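See structure below.
The values are calculated or read from the model by the stated rules, or taken from the named source; none is laboratory data. The structure displayed is predicted, hence computed values, not measured ones. As a convention, Cβ positions derive from the backbone with ideal geometry for all residues, glycine included, and neighbour counts pool all protein chains shown. Just the protein is used for accessible areas: all its heavy atoms, side chains included, with ligands, DNA and RNA removed. Shrake-Rupley method; radii C 1.70, N 1.55, O 1.52, S 1.80 Å.
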Amino acid sequence: MSQVDQLVSELSTQFRGEAGGAAGGLEASARTFIEAKLSALSSGSSSAEQLGALQRQLLVDIIDASIADQVGLATSTAVLQEVVCLVGRPEHGFGMRAQQDVLLHLLSKIQQRQMAYDSVITEARKALAKSLAAEEKWEEAARQLQSIRFEQSQGTLNIASVFPVYIWTTQLFLQAENLDQAVVSLNRAAAHIMQVSDVEQIMQYRFVQARVLSLTHKYIEAAIIYHNIFQTNTKDAAGQLEVLRQAINCAVLAAASPQKMRVLSGLHREKLAPTLPSFGLVEKMVLKRLIKPTELEQFSQQLEKHQCESVSGGKTTVLGSAVREHNVFVLSSLYTSIRFENLGRLLGIDTEEAELMCARMIAEGRMKGRIDQIAGVITFEGAREVKEVAAAISMKKQAAVQPPPMYFRETVHARWDGRIVNLCQSIEDAVDMLIERQPVYARALFRRVA
């Protein structure tokens, strides 16, 4: 009679009377049964290596015996759950390789019976992922967690237990430098974020989300999230300073735009900002001063690897491009118009590159202006609007003496009406997008408003 057959006989007879009892009692009996078998092996005079091999084989045999037809499903589930728990306990001395062998054998035996052993499979994959991560096998650990199919589970989906697994999976993929799969896992977590109430879980999600946005070069969105984390997490002073540093780094690297200036202004006002080495650069950007390439060396030393990548065909870096665009943004408020030849000289680039940069900024709506390619001149709309506002203020003061010209009033009114229409359209588009992407949240929001 083989050891597996003997174990089948013991399980089918010993647990027969407890199969219909409480789950806690059945699990306790299964734990006692397995520990007794392990203790019997330990009482021998085998060496540590031989003992480990015998224990591993014993657990493999218990797994095979527990899924036999003679053993009830409740008994089988309880025994397998205890195997998953016991194999990771340090007091039993199982090495990482032994843990992984046992868990992989368990999964290979019950994977095709997902509906019957759903909870066992989930816990086994978590335990296996933990063991693999301890050996820094990030990709393999993440794949194990990714294989858990919560949507196929029986009963109601428990967000409190599902959400942390999605975050953990994303973190492992990030450590494995698999950004594409990290984004997939983060999107799975994002689908449930509105149902999460645990503050710690929400904070972990925001950290991972900001990290993914930074790695995908969406720096302004990452800076906003890091800043929100900084303002929320007020308990850890050291952690706050690091989060603020990350927020400033991402804000500085973001493409020049009015939104970037608003984010930088908010970060500049934080009390801890002056304690960071990057404060001088932030202050120059907020005050709209030109920045020289020689001033970037200290700031570039604290950037991460992906933040130092080359852009524009290797001609510059992300930081260099961001600073050039900032300088163009500053010049747009100082000059009404400027030749690309002179603009390129001020920026330290050639004429063609200066023209392409300005064209891109105008096309993306980050700067207002008109380009005359024949004359090689760019006219900045922002500078013209500043002058118009100044003229309007001056005319208002003289209104009692001499009213402004009719054409000026009509122009101002038309622009004001146009901006109101654009604002209303943007609000309507935002509401439509909210209803389309987050229907549950939208319904809850509209009920509160009503």
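Observations on the model:
- Within the range 262-288, tally of residues that are touching a residue at least 40 places away in the same chain (Cβ under 8 Å) and part of a helix (DSSP H, G or I): 3
- Hey, ALA223 in contact (Cβ under 8 Å) with a residue 40 or more places away in the chain, assigned to a loop (DSSP other than H, G, I, E, B), buried (at least 18 other Cβ atoms within 10 Å of the Cβ) and out of contact with any His (no Cβ under 6 Å at 6 or more places or on another chain) or not: no
- Residues that are β-branched (Val, Ile, Thr) and touching a Leu at 6+ places or on another chain (Cβ under 8 Å) within the range 286-334 comprise VAL286, ILE291, VAL318, VAL323, VAL328, VAL330, listed in sequence order.
- Flag if ARG370 is of a type in the set (D, E, K, R) and touching a residue at least 24 places away in the same chain (Cβ under 8 Å): no
- Scan of the range 164-208 for residues that are within 10 Å of the chain's Cα centre (by Cα), under 24 Å from THR234 (Cα atoms) and open to solvent by 50 Å² or more (accessible area, probe 1.4 Å), ordered by number: GLN171, GLN204, ARG206, PHE207
- Residue within the range 295-310 that is of a type in the set (Gly, Ala, Ser), part of a loop (DSSP other than H, G, I, E, B) and in contact with a helix residue (DSSP H, G or I) (Cβ under 8 Å, 6 or more places away or on another chain) present: no
- Of all the numbered requirements in (1) touching a helix residue (DSSP H, G or I) at 6+ places or on another chain (Cβ under 9 Å); (2) under 21 Å from ALA222 (Cα atoms); (3) modelled with pLDDT of 90 or more; (4) surrounded by fewer than 22 Cβ atoms within 10 Å (Cβ to Cβ), ALA247 misses one, and that requirement is (4).
- Some residue of the range 112-120 being outside any helix (DSSP H, G or I), closer than 18 Å to LEU80 by Cα and open to solvent by 60 Å² or more (accessible area, probe 1.4 Å): yes
- Test: residue in the range 267-282 that is within 26 Å of LEU174 (Cβ to Cβ), in contact with a Phe, Trp or Tyr (Cβ under 7 Å, 6 or more places away or on another chain) and not basic (Lys, Arg): yes
- Verdict on ARG339 being at pLDDT 90 or above and open to solvent by 60 Å² or more (accessible area, probe 1.4 Å): yes
- Restricting the range 226-242 to residues that are part of a helix (DSSP H, G or I) and modelled with pLDDT under 85 leaves a set whose member that is surrounded by the most Cβ atoms within 10 Å (Cβ to Cβ) is GLY239.
- Test: residue in the range 314-325 that is part of a helix (DSSP H, G or I), hydroxyl-bearing (Ser, Thr, Tyr) and out of contact with any strand residue (DSSP E or B) (no Cβ under 9 Å at 6 or more places or on another chain): no
- Only a single criterion out of (1) surrounded by 11 or more Cβ atoms within 10 Å (Cβ to Cβ); (2) at pLDDT 85 or above is not satisfied by ALA363, namely (1).
- Scan of the range 147-205 for residues that are part of a helix (DSSP H, G or I) and of a type in the set (Gly, Ala, Ser), ordered by number: ALA160, SER161, ALA182, SER185, ALA189, ALA190
- Residue check for VAL252: under 13 Å from the mean Cα position of the chain (by Cα) and either part of a helix (DSSP H, G or I) or β-branched (Val, Ile, Thr) (or both): no
- Here SER147 clears all of (1) under 23 Å from GLN99 (Cβ atoms); (2) crowded, with 17+ Cβ neighbours inside 10 Å except the condition numbered (2).
- Any hit, the range 65-76, residues being outside any loop (DSSP other than H, G, I, E, B), touching a Leu at 6+ places or on another chain (Cβ under 9 Å), more than 19 Å from GLU123 (Cβ to Cβ) and at pLDDT 75 or above: yes
- Of the criteria (1) of a type in the set (D, E, K, R); (2) surrounded by fewer than 19 Cβ atoms within 10 Å (Cβ to Cβ); (3) touching a residue at least 40 places away in the same chain (Cβ under 8 Å), which one GLU136 fails: (3)
- Only one of PRO258, PRO274 that is at pLDDT below 90, open to solvent by 40 Å² or more (accessible area, probe 1.4 Å) and not small (Gly, Ala, Ser): PRO258
- The single condition among (1) open to solvent by 10 Å² or more (accessible area, probe 1.4 Å); (2) in contact (Cβ under 8 Å) with a residue 24 or more places away in the chain; (3) of a type in the set (A, V, I, L, M) that ALA322 does not satisfy is (1).
- Pick from the range 25-64, criterion surrounded by fewer than 12 Cβ atoms within 10 Å (Cβ to Cβ) and assigned to a loop (DSSP other than H, G, I, E, B), ranking: modelled with the lowest pLDDT: SER45
- Taken together, the criteria place LYS126 among residues that are in contact with a Leu (Cβ under 8 Å, 6 or more places away or on another chain), open to solvent by 30 Å² or more (accessible area, probe 1.4 Å) and under 27 Å from SER66 (Cβ atoms).
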